[in-house]
Amino acid sequence: MARKYNRQGLSIKYKVFLLVFCLPVSVVALAVWALFGNAQQALEQNLFEMQRAASSQLAQAVASYSLSTDRLLHGLAEDSAIIAALETPAEQVDETSQREARIKLLDRWSAQSTGTAAADPYSSLTYASGGYGYAINAYVVGFNGMSLNTLASDRYSQQDLKGQSWYRQVLEADGAIVTSSTYRDEQGSGVFRYYIIKARLVKDHITGKPVGITFFKISEAKYAESMGSARSQHRQAYLVDKSDAVLSSWYKPDIGQPIQQVGDWRSELSKEGGYSVATASSGEQVMVVRTPVEGTDFTFVELTPLSELVQPVRALRFYAILLLGAIVLLVALADLLFTRWMTGPILALEGAMDRFSRGELAVRTPVERGDELGRLASSFNNMAAKTQSLIRSIKEGERLKRKAELDFLQAQINPHFIYNTLSSVRFMVAMGRNDEAEEMLIRFVKMMRYITDKTDKQVTLAEEVEQIQNYAEILRYRYPDSFSIAYDIDPAAGARQIPSFILQPTIENAVYHNLQTGGPPCKIRVRARYRAGVLRITVTDNGQGIDKERLQRIKSFSIKMDDSVGIANIHSRLELVYGSGSYLKVRSQKGLGTSVLYHIEEGEGPA
């Protein structure tokens, strides 16, 4: 009996209070962490404002340049002299007419680019690269076959333009300016390797009929020059179009690629305006600042590593992490000590209850405290002791009940067998077959010795088969040539233990039922196999079988088979010895014979 404790200890509610006391410390730690987290977010916002101000200046420079080129392009497209040249009948277009028209184009281009009515816009159309100055080139291509240009020697025909991806867009724009993606000129070099096309339709002022196309071939270097101040070792700047393809970059292989594919990104770059944070495959976070270029479909994108931007707060974050780590360590240590003191008895009690539920009825848990947990452990020990005593009494009663049931079932078998055997001997003597009767009595004595010695014991399947052979010889003296028995016993199955005298009733029923129905000689086959702890014995015959109604009654174990020991008797013996997992199953079809299966699971036992 477990020792009882009456001393009152510290109540568990106070112990829980001590545990809850640790929560404010954790809250303080989280507050410190949140404070620095918000500080970093505010810093990122301030850095973004600074980046956006610088990016806006660069975007304004690109917008100013774009506006200047748009104004010049519109001027050429609306020039009456150029329109008149493009309306010249196609049959009148020759080298002389094109030369005259080019002189007019150069005059108009010079007049517009010198800016007589405004500040010199032409200066914005020049750009420097490698110590040399370059200017924009203008082209005019008429649908009448006329082709004009300003500075370059290359010329374009309408057929040449039809092969360009932007040509269809210009026709559909109906006078609006179309800006192409960046092209790579394999024949070009230096600043002329990459260029952007700006084009618009030239239309008659009166009829509105399209007469040609004028366009600028602008070197990408001009846009890269505008982004020059954003260039550094860590920062990257790009000019992208509305589809997010790179129009201009200091790293030329990036041109024409979607910006998402420029670099190795773990997360997708946001397309929204303002700023966002993206993660590279290396784990580095990068601030992405997008600034729309006014008056165009362009967007200026600047990428700056956050590690460079938040350098001033790195040291502060380091000390904050150290402080937070120290707080967490102290809280964890205190919580560990308290938890061990608090939950130790609970875990010990839980382990004892788990072992008790698995059948270890003698298990007890130590009682070392006088508080509620100590009294709970003491109550469990008292309950376990009483339960163990009660289960011991119940098991003893069940054992006695089971033995009585087995004795009763065996008592049903023995008189039945004795009666049938002695009846057979009596018939043999009455027929004057004394020698055979003597042999039958000798075998009968052997079987009686087997029955009396093994009544309350289990025997091997091989021993049971040997007794069936004795029984079959006795029947064969009385009913010669009326049946035969074949045996197919696996050696592993022959060595298994089974209740005695459970196969003979099935053999007897098969023989007598065939004799009563007057069928041909009965062929009986006994087959046994043992696999994975399961013994399966099958007794089959080729008799007349059992009709469906009677078979259903037999399967419900509600009747006996003929006058011999019932199926229900054998089925009950199997369940009593092995449990509900073992059973007897009968299968039969009228005119095709009967099969009886003994399914014995050795691993089970009655509850």
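Tell me, what is the Rg over Rh of segment 64-104, with Rh the Kirkwood radius over Cα pairs?
Dividing the radius of gyration by the Kirkwood radius yields 1.13.
What pairs in LYS217/LYS242; LYS395/LYS548; LYS203/LYS252; LYS446/LYS548; LYS104/LYS242 have C-alpha atoms more than 30 Å from each other?
Flagged as over cut-off: LYS395/LYS548; LYS203/LYS252; LYS446/LYS548; LYS104/LYS242.
As a fraction of the 1.4 Å probe accessible area of segment 425-471, surface on carbon and sulfur atoms comes out at 51 percent. For segment 501-561, the calculated P(r) over all alpha carbon pairs, in 10 Å bins from 0 to the bin holding the longest distance, is 19, 45, 31, 6, 0 percent.
Can you classify segment 434-499 as rounded, prolate or oblate using the Cα gyration tensor, where a ≥ b ≥ c are the square roots of its eigenvalues, rounded means a/c under 1.5, and otherwise it's prolate if a/b beats b/c and oblate if not? Oblate, since a/c reaches 1.5 and b/c is not below a/b.
Of all aspartates and glutamates in the structure, the ones whose alpha carbon falls short of 17 Å from that of LYS162, not counting any fewer than 8 places away in one chain, are ASP154, GLU172, ASP174.
With protein chains left intact and a 1.4 Å probe, residues in segment 421-510 average 46 Å² of accessible area per residue.
Taking the empirical scaling 2.2 N^0.38 Å for compact globular proteins as reference, segment 433-582 has a Cα radius of gyration ratio of 1.08.
The values are calculated or read from the model by the stated rules, or taken from the named source; none is laboratory data. On a predicted model such as this, the values are computed, not experimentally measured, just so you know. Protein only, heavy atoms only, side chains kept; ligands, DNA and RNA dropped before computing areas. Shrake-Rupley method; radii C 1.70, N 1.55, O 1.52, S 1.80 Å.
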